[in-house]
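See below for the structure under consideration.
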Amino acid sequence: LRGIGTVVTGTLTGGQLRREQRIVVQPSNLDRRIRSIQSHGRDLEVAQPGTRTAINLPDIRVDQIARGNVVTIADFDPANSTLIALLEKSPRLSRENAGARPLKSGASVYLHHGTSRIATKITLLKNRLLEPGKNEIAQ
C-alpha cells in the first residue's frame, strides 16, 4: 500500500522498541520514528527482545534501506566504518587448500554481519601475516 511507509522486518536482538520511538537505520544514519509495530500479525505497543518484529517507518523509501541494515535506538552513537576485532584463522585448513596460506595485512576480504556481506580490507595491528590457528587484533 503506497503512502503508509516502509515496513522493516527482523528479530529484535536486544532492548525494546516502542510505537512512536525515534530510531536510526544504520549504516545510512536515517533518523525516523516508528509508526506501528507488529509481531505475527498482532499490533504491539512494545516489542521485546527475541521477538520477530515488523516496524512501519513513515517517510522512508524502500531504496533508502537494504537487507542487512540495522535499526538502533536514536540514543546510540552514530555508525562507524571501522571495526576492531580479534581475528582468528581456522587451524582446520589443510596445507593443500589455498585458504591455508597466511592472511596478509591489507588483504581484501568479505565481512559477514547478520545478513550483510561487506567488501573490506583487513589491517593486522601487530604482525604482517596471520597464520592458520593463530589470532590477532585487526581493523
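Filtered by the rule that a residue be under 14 Å from G15 (Cα atoms) and at pLDDT below 95, segment 52-80 gives V70, V71, T72, I73, A74, D75, F76.
Filtered by the rule that a residue be touching a residue at least 24 places away in the same chain (Cβ under 8 Å), surrounded by 12 or more Cβ atoms within 10 Å (Cβ to Cβ) and over 30 Å from T9 (Cβ atoms), segment 105-131 gives S105, I122, L124, L129, L130, E131. Screening segment 1-111 for strands (runs of 3 or more DSSP E) wholly inside it with 1 or more residues that are closer than 27 Å to K121 by Cβ and either of a type outside the set (A, V, I, L, M) or assigned by TED's automatic domain parsing to the domain that holds K126 (or both) returns the ranges 22-26, 70-73, 85-88. Out of all the residues in segment 33-54, is one or more within 25 Å of N80 (Cα to Cα), under 19 Å from the mean Cα position of the chain (by Cα), surrounded by fewer than 10 Cβ atoms within 10 Å (Cβ to Cβ) and not polar (S, T, N, Q)? Checking segment 33-54: not a single residue is within 25 Å of N80 (Cα to Cα), under 19 Å from the mean Cα position of the chain (by Cα), surrounded by fewer than 10 Cβ atoms within 10 Å (Cβ to Cβ) and not polar (S, T, N, Q).
The values are calculated or read from the model by the stated rules, or taken from the named source; none is laboratory data. Keep in mind that this is a model prediction, so the values were computed, not measured. Neighbour counts are summed over all protein chains in view; Cβ atoms, including those assigned to glycine, are modelled from backbone coordinates with ideal geometry.
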